[in-house]
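Engineer: Sharing a structure here in structure tokens format.
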Amino acid sequence: MLQVSGVTKQFGLQTIFSDFSFSVAENGFTVLLGPSGCGKSTLFDLLTGVVSADTGSLAWRGRQLPHLGAVAAYMQQKDLLLPWFSLMDNALLPVKAVNGDVNAAEGRAMVLFERLGLKGYAHHMPHAVSGGMGQRCALVRTLMFERDLVLLDEPLSALDAITRRTLQSLLLLLQTEFNKTLVMITHDIEEALLLADELVLLTPRPMVVQERFVLKTPKPRRFDDPELIALKSHVLGKLTGEGHDDSF
């Protein structure tokens, strides 16, 4: 289990969150949903060690940690591929960083390239492929870390609608096929409803957990499912403070 307990973060006189807590069960897909500017990216930076908490604690499987950088893999809004490396070389960076067996890792990466629709593109440079393919390569790189916990900071936000749907399906594979625990931060309601096993609704800053929902609708999901229609209406009402909206 991932446990975030009593975390506080301030920048100057501005409080981003105070006494912020949430927990995540293993082998699930938890989505943190909140409005733009509420502090989601700061929370991601705190989880990954880019910034430090003023107070509070983080724990993974009962072990207290200053941040999750040593136990989690993560994907961000941009693929962050190094432009002078091929897709394969980018995918192998986690292995090279720890002086691992690159030859063995390349065989495993090739299997992932084929599984994620990148067969034949391993030696292409990042500028020669689409944004969606770049994010698929970033997903391969994430899997090369071989960590059970994966943190996602709006990894599909820069993609077109069709590519996003394809990548959403691939993210579900991380849970169902690779047995990962996923925590995703987003402001996209529909994406959250498609992917989440548990939805954590956040308030504007200072950010706190407003409500939690367990989604029982089987995946893959359709937006005409009654549970999703009702939940989207409820979430929109909470986020906007303007009542419910049943339309898509």
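Engineer: Quick one: how many residues across region 181-216 are assigned to a loop (DSSP other than H, G, I, E, B), surrounded by 15 or more Cβ atoms within 10 Å (Cβ to Cβ) and either without any contact (Cβ under 8 Å) to a residue 40 or more places away in the chain or among the acidic types (Asp, Glu) (or both)?
Structural biologist: Selection size over region 181-216: 3.
Engineer: Go through region 106-119 and report how many residues are assigned to a helix (DSSP H, G or I) and under 16 Å from GLY132 (Cα atoms). Break it down stepwise before answering.
Structural biologist: The initial filter retains those residues of region 106-119 that are assigned to a helix (DSSP H, G or I), namely 106-115.
Pick out the ones that are also under 16 Å from GLY132 (Cα atoms) and you get 112-115.
Matching residues across region 106-119 total 4.
Engineer: Tell me, yes or no, whether region 48-59 has at least one residue that is surrounded by fewer than 17 Cβ atoms within 10 Å (Cβ to Cβ), part of a loop (DSSP other than H, G, I, E, B), small (Gly, Ala, Ser) and touching a residue at least 60 places away in the same chain (Cβ under 8 Å).
Structural biologist: no
Engineer: Right, next: Would you say GLU177 is modelled with pLDDT of 90 or more, surrounded by fewer than 20 Cβ atoms within 10 Å (Cβ to Cβ) and at negative phi?
Structural biologist: Working: modelled with pLDDT of 90 or more: no; surrounded by fewer than 20 Cβ atoms within 10 Å (Cβ to Cβ): yes; at negative phi: yes.
Considered against the rule, which asks whether it is modelled with pLDDT of 90 or more, surrounded by fewer than 20 Cβ atoms within 10 Å (Cβ to Cβ) and at negative phi, GLU177 comes out as no.
Engineer: Return yes or no: is ARG108 basic (Lys, Arg), surrounded by fewer than 14 Cβ atoms within 10 Å (Cβ to Cβ) and within 30 Å of LYS219 (Cβ to Cβ)?
Structural biologist: Numbers: basic (Lys, Arg): yes; surrounded by fewer than 14 Cβ atoms within 10 Å (Cβ to Cβ): no; within 30 Å of LYS219 (Cβ to Cβ): yes.
The answer is no for ARG108.
Engineer: With out of contact with any helix residue (DSSP H, G or I) (no Cβ under 8 Å at 6 or more places or on another chain) and at pLDDT below 90 as the only criterion, which of GLN14, GLN77, GLN10, GLN64 stands out?
Structural biologist: So the residue among GLN14, GLN77, GLN10, GLN64 that is out of contact with any helix residue (DSSP H, G or I) (no Cβ under 8 Å at 6 or more places or on another chain) and at pLDDT below 90 is GLN77.
Engineer: Considering each residue of region 31-47, count those that are in contact with a strand residue (DSSP E or B) (Cβ under 6 Å, 6 or more places away or on another chain), more than 18 Å from GLN3 (Cβ to Cβ) and either outside any helix (DSSP H, G or I) or acidic (Asp, Glu) (or both), and give that number.
Structural biologist: 4
Engineer: Taking region 38-47 only, how many residues are in contact (Cβ under 8 Å) with a residue 60 or more places away in the chain and buried (at least 19 other Cβ atoms within 10 Å of the Cβ)? Give the steps one after another, and end with the answer.
Structural biologist: If we filter region 38-47 for residues that are in contact (Cβ under 8 Å) with a residue 60 or more places away in the chain, which is where we start, we get 38-41, 43-44, 47.
From what is left, the residues that are buried (at least 19 other Cβ atoms within 10 Å of the Cβ) are 38-40, 43-44, 47.
So the count comes out to 6.
Engineer: Continuing with the same structure: Only one of (1) closer than 17 Å to VAL150 by Cα; (2) of a type in the set (Phe, Trp, Tyr); (3) outside the structural domain of LYS9 (by TED's automatic domain parsing) fails for PHE113. Which number is that?
Structural biologist: PHE113 satisfies all of (1) closer than 17 Å to VAL150 by Cα; (2) of a type in the set (Phe, Trp, Tyr); (3) outside the structural domain of LYS9 (by TED's automatic domain parsing) except (1).
Engineer: With within 30 Å of LEU80 (Cβ to Cβ) and touching a Lys or Arg at 6+ places or on another chain (Cβ under 7 Å) as the only criterion, which of LEU182, LEU171, LEU159, LEU194 stands out?
Structural biologist: Working: LEU182 fails: touching a Lys or Arg at 6+ places or on another chain (Cβ under 7 Å); LEU171 fails: touching a Lys or Arg at 6+ places or on another chain (Cβ under 7 Å); LEU159 fails: touching a Lys or Arg at 6+ places or on another chain (Cβ under 7 Å).
Exactly one of LEU182, LEU171, LEU159, LEU194 is within 30 Å of LEU80 (Cβ to Cβ) and touching a Lys or Arg at 6+ places or on another chain (Cβ under 7 Å), namely LEU194.
Engineer: Within region 90-105, which residues are crowded, with 17+ Cβ neighbours inside 10 Å and part of a helix (DSSP H, G or I)?
Structural biologist: Answer for region 90-105, where residues must be crowded, with 17+ Cβ neighbours inside 10 Å and part of a helix (DSSP H, G or I): ASN90, ALA91, PRO94, VAL95, ALA105.
Engineer: List the number of the failed condition for ALA122; all other conditions in (1) under 20 Å from the mean Cα position of the chain (by Cα); (2) modelled with pLDDT of 90 or more; (3) in a loop (DSSP other than H, G, I, E, B) hold.
Structural biologist: Against the list (1) under 20 Å from the mean Cα position of the chain (by Cα); (2) modelled with pLDDT of 90 or more; (3) in a loop (DSSP other than H, G, I, E, B), ALA122 comes up short only on (1).
Engineer: Could you check, for region 126-142, whether at least one of its residues is in a loop (DSSP other than H, G, I, E, B) and either under 24 Å from PHE85 (Cα atoms) or outside the structural domain of GLY56 (by TED's automatic domain parsing) (or both)?
Structural biologist: yes
Engineer: Can I ask one more? Quick one: which of LEU170, LEU152 is closer than 30 Å to ASN99 by Cα, in contact with a helix residue (DSSP H, G or I) (Cβ under 8 Å, 6 or more places away or on another chain), without any contact (Cβ under 8 Å) to a residue 60 or more places away in the chain and in the same structural domain as GLY37 (by TED's automatic domain parsing)?
Structural biologist: Criteria check complete, one pass: LEU170.
The values are calculated or read from the model by the stated rules, or taken from the named source; none is laboratory data. Bear in mind the structure is a predicted one, so any value in this text is a computation, not a measurement. Methodologically, a virtual Cβ is constructed for each residue, glycine included, from the backbone with ideal geometry; neighbour enumeration extends over all protein chains shown.
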